[in-house]
Amino acid sequence: MTAARWVVPAEERTVADTAEALFRSTFGGAADGVWAAPGRVNLIGEHVDYAGGLVLPFALPYVTVVAVRVRDDGILHAVSTHTGESWRGALADVAPGHPSGWAAYVAGVAWALRRSGLLTAGTGFEVAVHSTVPVGSGLSSSAALECAFALAVADLAGLPTDESGRRPLIDASIRAENEIAGASTGGMDQSVAMLARPGHALLLDCRDGASRHVPLDFRSAGARLVVVDTNAPHRLVDGQYGNRRAAVEKACADLGVATLRDVADADAAVAALSSPAAQRARHVLGEIGRVREVADLLDRGRIADLGDALNRSHASLRDDYEVSSVELDSAVDAAVEAGAWGARMTGGGFGGSAIALVPLDRVDAVTENIVRRAESASLPTPQFLSAEPSGSAHRL
Ligand code: GLA
């Protein structure tokens, strides 16, 4: 059997050195500055951000770093260590689908900031990107890139970057993802990348944008939150995410409410819908309740009691929302079997990552059981990441 493989977070300075070296070798000379933004996991509140729900994500100690220099000709030239590819083009020509791939996240942010009047037409950028957020693992590598670059642009333009100054940057990052990259995601990932605080989860109300930092200290509870990257191969799932969003919108129209959050009587609402809208709505309404339950337990310092809500969240995502996968179910079942207090898929689903809340003396048993079960079912071998609640986007 393969031993559990841990992806240890690199020192941020080391990540920055790599981005700056790429900058120098591509563009010559030094960048104007270097900015970092984190990946995230969601503790609970899945597939509810676009339904006006409550979410409880926190930032990971894995970051995307951008080294950026301003130019005065409206051209964006971006290069990344991830693919080795670069993209060069006029910001005036950025439009839905152009550019595609990772460059859409950078160009899309500049496009959105121009549209909102925060970036002048003549301004362009040279950008070098290096990231330790695993790509395609459901840990929001795209939001990390958008937010690192948005903060860079704001700093270089002398815009405020305090919490309220970050709101338009979050909006620009969401627009980049929705309108230029064409992924109809909600705003959870960009919000936590911009607002997270070390040692805390972010309780975010996606109906009005209000947020609160909730203390989250796994170690003091004698536990560890383990992130399981299933390494599941990419699937054609874009349509599935959009399909769930559309189902939620249809349920709202049928019920005559603006968002599912506005439903007063959950049981009556579910009873009024037909299948599968009823199951989708039951997930969303139940999940919002579970976020309240978990936030309340955290407020009372009861981390050891979170497990049951995590398990119920996973069952609901698997059975009612149907966004889990055989790899995620395997990881979650194996974690609980080996002594995790609770486990669930995290992020959009259909592959990607799960989280498990594990007492410290069971961490090895849990990770080994997850690997053993995956290998015996001929699934990809998962890898494990550390989940210390970390800070938001910042300048180095
Ligand atoms: C992805 C999206 C988020 C959110 C989650 C599911 O991560 O980017 O906006 O919808 O899926 O909770």
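Helix 141-156: angle to the longest alpha-carbon principal axis of the chain, degrees 0 to 90, nearest 10? Helix 141-156 sits at roughly 40 degrees to that axis. Near residue 79: Cβ cut-off under 10 Å, other residues only, Lys/Arg at +1 and Asp/Glu at -1. The net charge is -1.
Comparing 77, 129, 108 along the charge dipole axis of region 75-177, the residue lying farthest to the positive side is 108, per the Cβ-charge model.
How about region 3-42: which GluC sites (Glu not before Pro) there lie in a loop by DSSP and see at most 15 other Cβ atoms within 10 Å?
Values: sites: 11, 12, 20; in loops: 11.
Sites meeting the loop and neighbour criteria: 11.
Beta-bridge orientation, the chain: approximately 85 percent antiparallel, per DSSP, counting only bridges with both partners inside. Rounded to the nearest Hz, the phi-derived 3J(HN,Hα) couplings of region 86-98 under the Karplus curve 6.51 cos²θ - 1.76 cosθ + 1.60 (θ = phi - 60°) are 10, 10, 9, x, 7, 5, 5, 8, 5, 7, x, x, 9, where x marks glycine and proline.
Modelled spin-label separation between residue 296 and residue 257, with each label point placed 7 Å from Cα along the Cα-to-Cβ direction: 1.8 nm. For the chain, a simple Cβ point-charge model (Lys and Arg +1, Asp and Glu -1, everything else neutral) yields a dipole of about 200 debye relative to the Cα centre. Spacing of the modelled spin labels on residue 319 and residue 278, each 7 Å from Cα toward Cβ, amounts to 1.5 nm. For residue 197, the residues whose modelled amide H falls within less than 5 Å of its own, excluding neighbours fewer than 5 places apart on the same chain, are 59.
Quick one: length gained pulling residue 368 to residue 95 fully straight, 0.36 nm per residue minus the C-alpha distance?
Numbers: separation 273, 0.36 × 273 = 98.28 nm, distance 4.65 nm.
Value of the extension gain: 93.6 nm.
Show that you can apply the helix-only estimate: for the chain, add -39,500 (n - 2.57) for every DSSP H stretch of four or more residues, divide by all residues, and state [θ] at 222 nm to the nearest 500. Mind showing how you got there, number by number?
Numbers: 11 runs with 153 residues, N = 396.
Taken over the chain, the calculation gives -12500 deg cm²/dmol.
Rounded to the nearest 0.05, the FRET efficiency derived from the C-beta distance between residue 243 and residue 24 at R0 = 51 Å is 0.70. Modelled spin-label separation between residue 116 and residue 135, with each label point placed 7 Å from Cα along the Cα-to-Cβ direction: 2.6 nm.
Pull up the DSSP beta bridges for region 5-215 and report the antiparallel fraction as a percent, rounded to 5. In region 5-215, DSSP labels about 85 percent of beta bridges as antiparallel.
Cβ under 13 Å from residue 108's Cβ, residue 108 left aside: what net charge do those residues give with Lys, Arg +1 and Asp, Glu -1? Around residue 108, the surrounding residues sum to -2. Candidates 158, 9, 95 compared by Cα position along the dipole of region 5-215: farthest toward the positive end lies 9, with charges placed on Cβ. Other residues within the sphere of radius under 14 Å centred on the Cβ of residue 396, judged by their own Cβ, net out at -4 (K and R +1, D and E -1).
Values quoted throughout were computed directly from the atomic coordinates according to the rules given, and no laboratory measurement underlies them. None of the values given here were measured: they were computed from a predicted structure. Virtual Cβ from ideal backbone geometry, glycine too; neighbours counted across all protein chains shown.
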